[in-house]
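Remarks on the structure that follows.
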Amino acid sequence: AAKGIDVNVVDEYGRTPLHIAVIAKNHATVKALLAAREIDVNSVDYFGRTPLHDAVLSKSHEAVKTLLAAKEIDVNAVDKFGRTPLHKAVTSHLHEIVKALLAARARGIDVNAV
């Protein structure tokens, strides 16, 4: 990121620019933010949701795949409602996203968290 730019600044809901880019399905911005060394890919908003939760909630398979490529991503993050991204994908019948998340099994995804 440019010097002096805080890529982890939060709005009144605790969302970072990464959360907002994911929700808006702005994939170019998601990729640019992930390239910033200081980006927190597991930042949580007011509801305890990470950008990965938001990617699932936004039904954005592309954002899910892009976020899963980040080595620091916490695939088992639990929001304030006790839901992981996998749980939300399964209950929303998002089959392609479920497949992408299950492919992250090597990264330690907890399939029993559903």
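Data for the structure
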item	result
Test: residue in the stretch 31-43 that is surrounded by 14 or more Cβ atoms within 10 Å (Cβ to Cβ) and modelled with pLDDT under 95	yes
Residue 8 more than 13 Å from the chain's Cα centre (by Cα) and polar (S, T, N, Q)	yes
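Here is a yes/no grid of residues against (1) under 14 Å from residue 62 (Cβ atoms); (2) not in a loop (DSSP other than H, G, I, E, B):
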position: 5; (1), (2): no, no
position: 8; (1), (2): no, no
position: 12; (1), (2): no, no
position: 15; (1), (2): no, no
position: 18; (1), (2): no, yes
position: 30; (1), (2): yes, yes
position: 36; (1), (2): no, no
position: 41; (1), (2): no, no
position: 44; (1), (2): no, no
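Condition check ((1) of a type outside the set (Ser, Thr, Tyr); (2) at pLDDT 95 or above; (3) loosely packed, with under 13 Cβ neighbours inside 10 Å) across all residues:
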site: 65; (1), (2), (3): yes, yes, no
site: 75; (1), (2), (3): yes, no, no
site: 78; (1), (2), (3): yes, yes, no
site: 88; (1), (2), (3): yes, yes, no
site: 96; (1), (2), (3): yes, yes, yes
site: 105; (1), (2), (3): yes, no, yes
site: 114; (1), (2), (3): yes, no, no
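The values are calculated or read from the model by the stated rules, or taken from the named source; none is laboratory data. Everything quoted here is computed from the prediction, not taken from an experiment. As a convention, Cβ positions derive from the backbone with ideal geometry for all residues, glycine included, and neighbour counts pool all protein chains shown.
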